[in-house]
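The next block holds one structure in the form of C-alpha cells; read it before the comments.
What follows is calculated from the coordinates using simple rules that are stated; it is not laboratory data. If you're wondering where the values come from, they're calculated on a predicted model, not measured in any experiment. Heads up, the Cβs are rebuilt from the backbone with ideal geometry, glycines too, and the neighbour counts pull from every protein chain shown.
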Amino acid sequence: MKTLREQYGAEIKFTQSLANDLDSLNKINSLLGLPRVVKAVNEMSIPGGSIDVVGYTVKGEVIVYEHQDLSGRADQTHVAKTSHYALVLKNKGLKVLGAILLCESIDQIFLDNFENIRWAYNKRPTQKGECNVHAIRSQWTDDGVYDPVLFTDDSIVKGSDTVLNYYKDFVSIYGAEWSIQREESNGNAITLWHRLGELDNRYMAYIHKLKGSINVGLHCLKAVTIADEEFMQSLETKNFTYRKSKDRATIECKFPTDVDYELLADTTEQLKRAVRQSKLTLN
C-alpha cells in the first residue's frame, strides 16, 4: 500500500481529487453506514478557514471530510477541526450527518475522544449528526486506487509519550498548534521533538537544550537520499547551517543558553516557512 506522500505528494492535491471522486467518498461512507453523496465541494469557505471536502446527499444533507497532512499521523489540530467543522455547518443551518477524519495512523486517545463526542449522537442520532465523528484510515494500492479502511490495532498508536516537563510552559505559550511528539532527557540534553506537516516521518524537528547552547533544527533521520540532501541544503541561511553525518542530514541554528524562548519559537516558525517555501520551489 502507498501513503499520501507517495501517491500525491501534497494533501491539497488529494483533497481536490477526492471532491471530484464520488466513488471514493462513498467507499468511506459505506464503512460507517452513512448514505451516499451525490456531489461534493472542495475547500468550502467558513469563518477563519475552509473545509477540505463537504459532501451532499440527494436530500441536501452534508458530511464533512477532513484529511491529515503529509505526516500521516492524526494530530490534535486536525482532530479538533473535524468536529469543529461539523458544528460550524450545523450553525449555518445545514443538516449534518457526520464528520470524518482521514489519516494514515491515529493515537488511541483521539479515537476515545471521538467516541466520547459520539455519545451525544448515539442518544439523539436524528438531532446530533454533528457529533457523529469518526476516523478512517487512508491508503492507496500500488496501482494508485484509493482504498480507505477502518482502523485496526496495527495502525492505532496505543500510548502517548507526549508528557512534557521542562517544555510544558513553552508549548502552552508558543507551541500549542505544533505536532508535538515527545520530550526526551538523557542527562546531557533535554529535547522537544515535533513534526512538520509537510514532511514525512523520517523528518523530526527539535529544540535541543545542551549545557552550552540551545539549538533549533531539523533532522532527516533515515535513508537520506540525494533529494533529501538537496532539500535540507535549500534551507541553509545565515541563521541555519547544514551538516551531514553517516545516518542523518541536519539543518540547525544555535543560541546561547540565556536566549529568550520567544526567539526559539520565532526561529521554529521561520524554519516552518522555509520548509513550505522550499517544497513549493522544488515541486
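Tabulated values for the structure
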item	result
Share antiparallel - DSSP beta bridges, the chain, percent rounded to 5	75
The range 217-283: mean projected area of Cα convex hull, nm²	4.9
Gaussian network model of the chain, Cα within-10 Å springs - most flexible of T152, T250, T15	T152
Principal-axis tilt of helix 108-123 within the chain, Cα atoms, nearest 10 degrees	20
Charge dipole (debye, nearest 20) of the chain; +1 at Cβ of Lys and Arg, -1 at Cβ of Asp and Glu	500
Charge dipole magnitude, Cβ of K and R +1, D and E -1 - the range 160-283, Cα centre, debye nearest 20	340
Pairwise FRET efficiency - L150 versus S50, Cβ, R0 = 22 Å, nearest 0.05	0.20
Residues W119, W193 arranged by fewest to most Cβ contacts within 10 Å	W119, W193
Cβ-placed point charges (K, R +1; D, E -1), dipole of the range 4-157 about Cα centre in debye, nearest 20	1000
In the range 114-179, the trypsin sites (Lys or Arg not before Pro) that fall in loop regions by DSSP, at most 12 other Cβ within 10 Å	K158
Restraint check, K168/K254; K27/K168; K27/K92, Cα-Cα greater than 29 Å	K27/K168
Ranking of D247, D228, D154, D52 by count of other Cβ atoms within 10 Å, fewest first	D154, D247, D228, D52
GNM result for the chain, Cα springs below 10 Å: residue of K39, K59, K272 fluctuating most strongly	K59
Amide H within-cut-off set for N132, under 5 Å, with H built and near neighbours excluded	A99
Expected 222 nm ellipticity per residue - DSSP helices of 4 or more, -39500 (n - 2.57), all of the chain, to 500	-10500 deg cm²/dmol
Coarse-grained scattering of the range 177-217 at q = 0.29 Å⁻¹, given as base-10 log I(q)/I(0) from a Debye sum over alpha-carbon atoms	-1.00
Distance (nanometres) between label positions extended 7 Å along Cα→Cβ at K238 and A223	3.9
The chain: most fluctuating residue of E115, E230, E104 per GNM, C-alpha cutoff 10 Å	E230
Förster radius 25 Å - calculated FRET efficiency between D112 and L22, Cβ distance, rounded to 0.05	0.20
Listed residues M204, F231, G49: farthest to the positive end of the dipole of the chain (Cβ charges)	G49
Three semi-axes of the equivalent ellipsoid, the range 94-228, Cα gyration tensor, whole Å, largest first	35, 22, 12
Neighbour-count order for C103, C253, fewest beta carbons within 10 angstrom listed first	C253, C103
Label-point separation in nm, A80 to D143, each point 7 Å along Cα→Cβ	4.2
Cα-based Kirkwood hydrodynamic radius, the range 4-157, one decimal, Å	15.3
K254-S172 FRET efficiency (beta carbon distance; Förster radius 30 Å; 0.05 resolution)	0.75
